[in-house]
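Read the structure below first, then the notes.
Nothing in this text is a laboratory measurement; each read-out follows from the coordinates by a stated rule. Note that this is a predicted model, so its numbers are computed, not measured. Neighbour counts are summed over all protein chains in view; Cβ atoms, including those assigned to glycine, are modelled from backbone coordinates with ideal geometry.
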Amino acid sequence: MMQAEHATELRALRRALAEKEAELAELRRALTGSLTTPRAWGLTATEERLLLALRRGTLMSRDALMTAVYQLAEDEPSEGVLDVMISKLRRKLARRAAGIHIETAWGRGWQLAPESARRLARILDPSLPDYRKPRARRFFWPEPAVTRLVELWKGGRTSPQITKILAQEGLCRVSRCAVIAKLHRLGLLGEGRHG
């Protein structure tokens, strides 16, 4: 009789535990949004929870990160563990997740740099819009402008003068930097002057 009561009690405890574990899993999904990092990064579950806690790019205190990483753990590790974990996570991110950097705000906590937070958001959810700045397009030089550029350079003109003359003659509107870059690509830069 005693065994039957214990068996019934044990089943009830197991059901209650399963319900609590499901509830905890739901809370964890709510905290992290059921996001996962790419497998190639090789993050442990704890490192992944740490990175996901930082993903919004807002400053997170030590206490907030300890809660996010260890949540309801009964035996929370010492605070020094967080420093070690952040160090390891930074190394892994540097090797495998180019462009994602954790910043330290001494005495206040940690955060992802704004560009890192945007990059991580794109990796975790590719349906998000891409906020990266478009790459600068290389200027196409019309042949008459290149011919005139070389002629002016060999005639002793400086890059600011060349820039102004090309614009005045309507050949092309470029910056001084574009003129210098073109002179460099033509192999003329070492021959004359910049200023």
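Listed by chain and number, the lysines placed with their C-alpha closer than 20 angstrom to that of Lys182 are Lys154, Lys164; residues fewer than eight positions away on the same chain are left out. With the simple spin-label model, which puts each label point 7 Å out from Cα in the Cβ direction, the Lys154 to Lys88 separation comes to 6.5 nm. The range 143-191 gives an Rg/Rh value of 0.90, both radii derived from C-alpha positions and Rh following Kirkwood. Taking amide H as placed 1.01 Å from N in the peptide plane, the amide H of Glu103 sits under 5 Å from that of Gln111, Leu112, Ala113, each at least 5 places away or on another chain. Placing dummy labels 7 Å off each Cα toward the beta-carbon, the span from Leu10 to Glu79 is 4.4 nm.
Would you please classify the overall shape of the range 35-124 from the alpha carbon gyration tensor, given that a ≥ b ≥ c denote the square roots of the eigenvalues, rounded means a/c under 1.5, and beyond that prolate means a/b larger than b/c while oblate covers the rest? Taking the square roots of the gyration eigenvalues as a ≥ b ≥ c, the range 35-124 is prolate.
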